[in-house]
Amino acid sequence: MINLILFGPPGSGKGTQAESLVKKYNLLHISTGDLFRYNIKNSTPLGLEAKSYIDKGDLVPDSVTINMLKAKVDENPDVKGYIFDGFPRTIPQAQALDELLSPSGGVSSLLMLDVPDEELVKRLLNRGKTSGRADDQDDQIVRNRLSNYKKDTIPVFDYYVDEGKSVKIWGVGSLEEVFARLSLELDRL
Ligand code: B4P
């Protein structure tokens, strides 16, 4: 079973690349960002809670995020493997994922899309012009997301380095070029 974490700063292309990877490798794509946005759109209690954090560029609390992720995995027991996109973003989330996946062999690999900050800000503000996403429209909110990534999320990369599972992939170039780099790593699993 392949249990892949697609990792990287906001705007690094995780969602974009996950869409292509699931088709090629027949895996289930679980994006916590998409799950939150679905709940926000449908005004569920979970969505209302998540919105107050996401709109400011803050992380949603671990307890809420972990329970939502577990429910999604439990709903889909018969899959060939998963691409976790945007999860884990904190050490407690990584520990919860390890526990959840231990019956199926644990995390196979963490692939980090490496993109310089100024390129990320440019991509996100550009997406904000058409996406309607409040968290993509304001320079300060975008920079807050980047600073939260450095503080809370980078330690997750180091956590899996200790297990020999973290790999950095250069995330600048055309969508096809980045996809080819990711595929090379996935083919090794
Ligand atoms: P996410 O939905 O995960 O959003 P993201 O980090 O902005 O996006 P991603 O990296 O997938 O970028 P994309 O491919 O779209 O999270 C949103 C928020 O939800 C978080 O800030 C947080 O508040 C909350 N949240 C989610 N998960 C959480 C968790 N586990 N714990 C707590 N809170 C959580 O690409 C971005 C743009 O770049 C697109 O416009 C795309 O077209 C463009 N692009 C992609 N690849 C490109 C390339 N190679 N060249 C040029 N442009 C490219």
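Every number here is computed from the coordinates shown, using simple stated rules; none is lab data. In this text the structure is predicted, and so the values were computed from the model without any measurement. A quick note on method: Cβ atoms are made from the backbone with ideal geometry, for glycine too, and the neighbour counts reach across all protein chains shown.
Scanning the stretch 1-58 for residues that are buried (at least 16 other Cβ atoms within 10 Å of the Cβ), of a type in the set (Gly, Ala, Ser) and outside any helix (DSSP H, G or I) turns up GLY8, GLY11, SER12, GLY13, SER31, GLY57. All of (1) assigned to a helix (DSSP H, G or I); (2) near the ligand (Cβ under 8 Å from one of its atoms); (3) more than 19 Å from PHE157 (Cβ to Cβ) hold for ALA71 with one exception: (2). Among the residues of this structure, GLY164 counts as one that is more than 15 Å from GLY86 (Cα to Cα) and outside any helix (DSSP H, G or I). Scanning the stretch 51-71 for residues that are over 15 Å from PHE87 (Cα atoms) and small (Gly, Ala, Ser) gives SER52, GLY57. Taking first residues from the stretch 116-134 that are closer than 17 Å to LYS56 by Cβ and partners that are part of a helix (DSSP H, G or I) and within 8 Å of the ligand (Cβ to nearest atom), the Cβ contacts under 6 Å between residues at least 6 apart in sequence or on separate chains come to LEU124/ASP136; GLY128/ASP136.
Quick check: is even one residue across the stretch 85-100 outside any helix (DSSP H, G or I), within 11 Å of the ligand (Cβ to nearest atom) and polar (S, T, N, Q)? Before the answer, list the steps.
First, the residues of the stretch 85-100 that are outside any helix (DSSP H, G or I): 85-90.
With within 11 Å of the ligand (Cβ to nearest atom) added as a condition, the list becomes 85-90.
Keeping just the survivors that are polar (S, T, N, Q) gives 90.
For the stretch 85-100, residues outside any helix (DSSP H, G or I), within 11 Å of the ligand (Cβ to nearest atom) and polar (S, T, N, Q): present.
For the stretch 115-124, taking the residues that are more than 10 Å from the ligand (Cβ to nearest atom) and surrounded by fewer than 16 Cβ atoms within 10 Å (Cβ to Cβ), the one that is farthest from ARG188 (Cα to Cα) is identified as GLU118.
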